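Accompanying notes for the structure given below.
What follows draws every value from the coordinates through simple rules; no lab data is involved. Please read these numbers as outputs of a predicted model, since none were measured by experiment. Ideal geometry is used to build each Cβ from the backbone, glycine not excepted, and the neighbour counts take in all protein chains shown.
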Amino acid sequence: MALKKLIAGNWKMNGTTQSAMSLAQDIGDALAGSPALGDRCDFLVCPPAVHIPAVRQAVTKQGAPLAVGGQDCAAFEKGAYTGDIAAPMLKDAGCDYVILGHSERRTIHGETSALVQAKAKHAHDWGLVTIICVGEQESERDAGEAFNVVAGQLAGSLPAGADASNTVIAYEPVWAIGTGKSATPQDVEAMHRFIWEKLQEKLEDFGKMRILYGGSVKPDNAAALLTIENVDGALIGGASLKAGDFIGIAKAV
Ligand code: PGA
């Protein structure tokens with residue numbers, strides 16, 4: 001049975017309080033204008049942490065069917081962790097989701113799968129659904145290592161207790177993020193099938209865990225990518241910053 005697609009926007013480090021609220025409102029208006037989209041897709045936006053309360057307020061005021069999530073959280077509940085944001089803080093600000101292990105955090109901040117796993121455990125304890133990102137670098141794909149890399153990240157990043165109710169996987173080939181180069185449908189199909197098989201070995205309710213694709217998803221390639229078997233939605237960076245493109249991706253599915 002096909003799962004309802006999750007269309008998730010990762011706004012990364014962009015915008016102001018005002019622009020974040022406007023973007024959320026524009027998405028809410030578009031969803032109100034196309035109510036049938038909600039039958040096929042769930043929608044999520046992940047603004048920068050400081051914009052979460054304003055976005056949450058805008059969404060609630062509008063009554064839009066739009067969930068809000070964080071882009072990262074700490075592996076600890078509170079204390080002397082300068083600059084970090086705890087899972088209960090995200091929850092308190094109105095988040096239901098958190099992205100973890102995005103390649104920009106793995107690469108720029110040196111996050112290991114073990115750290116992602118600790119963060120995910122913590123996020124689950126606080127009732128957040130985690131979107132755990134995996135994906136190979138271009139050199140790893142060229143070396144024929146893509147499947148090994150992804151298998152290692154999956155095995156290392158999923159905490160005990162991960163299941164379809166609290167975890168979503170996002171496959172994002174690093175070389176396709178923000179580059180305009182999306183993976184081919186054949187590559188996506190092969191990797192999603194591989195991830196599905198790995199989850200099947202690991203989890204009891206594997207069949208229901210969503211596996212998103214991410215990496216230069218746009219309205220014009222969304223239909224080809226998101227109708228592939230085992231692709232249960234998209235994690236969208238650049239195109240999620242324009243309401244028309246974000247909703248256009250859902251419409252294309
Ligand atoms: P992109 O980013 O859509 O801009 O490639 C995707 C992501 O980083 O999640």
* **Highest to lowest packing among 159-168, 210-219, scored as the average C-beta count within 10 Å** => 210-219, 159-168
* To do: Divide by every residue of the chain the summed helix terms, -39500 (n - 2.57) for each DSSP H run of at least 4, and state the resulting mean residue ellipticity at 222 nm, rounded to the nearest 500 deg cm²/dmol.
  => -13000 deg cm²/dmol
* Structure fact -> Treating every alpha carbon of the chain as one equal point scatterer without solvent, the Debye formula yields log10 I(q)/I(0) values at q = 0.07, 0.11 Å⁻¹ of -0.21, -0.53
* **For Val168, residues with placed amide H under 5 Å, excluding near neighbours** => Thr130, Ile131, Ile132
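Size of the dipole of region 5-251 about the Cα centre, Lys and Arg at +1 and Asp and Glu at -1 on the beta carbon, nothing else charged, in debye to 20? If you can, show how the numbers build up before the last one.
Numbers: 21 positive and 29 negative charges, 109 e Å.
Rounded to the nearest 20 debye, it is 520 debye.
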* Please give every one of the lysines within straight-line cross-link reach of Lys208, meaning a C-alpha to C-alpha distance under 19 Å, and leave out same-chain neighbours fewer than 8 residues apart. => Lys4, Lys5, Lys198
* To do: For Lys119, list the aspartates and glutamates whose Cα falls under 14 Å from its own Cα; do not include residues on the same chain fewer than 8 positions away.
  => Asp72, Glu77, Asp84, Glu111
* Asked: Among Leu154, Leu23, Leu235, which comes first, second and so on when ranked by fewest other beta-carbon atoms within 10 Å?
  -> Leu154, Leu23, Leu235
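Between Lys78 and Gln200, what's the calculated FRET efficiency when r is the beta-carbon distance and R0 is 30 Å? Round to 0.05.
Step by step, r from the Cβ atoms, then E = 0.20.
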* Local electrostatic count at Leu3 - Lys and Arg +1, Asp and Glu -1, tallied over other residues with Cβ under 9 Å -> +3
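By how many nm would the segment from Thr107 to Ala224 lengthen if fully extended, with 0.36 nm per residue of separation less the alpha-carbon distance? List each step's numbers first, then the result.
Details: separation 117, 0.36 × 117 = 42.12 nm, distance 2.86 nm.
Taking Thr107 through Ala224 to full extension adds about 39.3 nm, to one decimal.
Over the chain, what relative contact order in percent results from Cα pairs under 8 Å that are six or more residues apart?
On the way: 512 pairs, mean separation 50.3, N = 253.
In percent, rounded to a whole number, it is 20.
What is the packing order of peptides 105-114, 241-250, taking the mean over residues of other C-beta atoms within 10 Å and listing the highest first?
Values: 105-114: 13.9, 241-250: 19.7.
Packing order, densest peptide first, comes out as 241-250, 105-114.
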